[in-house]
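A quick write-up on the structure given underneath.
The values are calculated or read from the model by the stated rules, or taken from the named source; none is laboratory data. Note that this is a predicted model, so its numbers are computed, not measured. Cβ sites come from the backbone with ideal geometry, for glycine too, and all protein chains shown count toward neighbours. These area figures cover heavy atoms from the full protein model, side chains too; ligands, DNA and RNA do not enter into them. Shrake-Rupley method; radii C 1.70, N 1.55, O 1.52, S 1.80 Å.
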Amino acid sequence: MISMLMGGRIAEEIFFDHYTTGASNDIQRATQLARKMVTEWGMSSLGPINYKNEGGQMNLYAEFSESTRKEVDDEIKKIINNCYKIGKEILEKNREKLEKLSLALIDKETLDANEVKAILT
């Protein structure tokens, strides 16, 4: 899911070699998801620890050391960077198909599922 959310940002890097604000909401959602993976779901090397208080807020200031806060931030960054790398590999591997798809969209503006399938296969 995070790799998919980062797809727009990755496409800007691959195709335009610069970034716009267009992917800002996707980046925000990807970061929120990675944060939940680390702080609520125990899906990081920090293990099965919930870093949220009863109100659902991350209460690192009162309950956890600065070292732990840094570890949480590092884990979030690691997840985002790994997913970004995976997404980039997928888009680079399929660059030719993406270019064909974008040219077809420029030409026709909309494509149905059969047209997309024909382009991608």
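Some values worked out for this structure:
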{"quantity": "Protein-only accessible surface order, largest first, of 86, 2, 106, 119 at 1.4 Å", "calculated": "106, 86, 119, 2"}
{"quantity": "Dipole of the chain, positive direction: furthest Cα of 27, 46, 94, with charges on the beta-carbon", "calculated": "46"}
{"quantity": "For the chain, accessible area per residue (1.4 Å probe, heavy atoms of protein chains only), Å²", "calculated": "69 Å²"}
{"quantity": "Largest to smallest accessible area among 84, 19, 51 [probe 1.4 Å]", "calculated": "19, 84, 51"}
{"quantity": "Scaled radius of gyration (Cα, divided by 2.2 N^0.38 Å) that the chain gives", "calculated": "1.37"}
{"quantity": "Between helix 24-39 and the chain: long-axis angle, C-alpha atoms, 0 to 90°, nearest 10", "calculated": "40 degrees"}
{"quantity": "Degrees between helix 66-93 axis and first principal axis of the chain (Cα, 0 to 90, nearest 10)", "calculated": "10 degrees"}
{"quantity": "Whole-Å distance, taken between Cα centres, linking the stretch 1-53 and the stretch 61-121", "calculated": "10 Å"}
{"quantity": "For the chain, size of Cβ-based charge dipole, Lys and Arg +1, Asp and Glu -1, in debye", "calculated": "180 debye"}
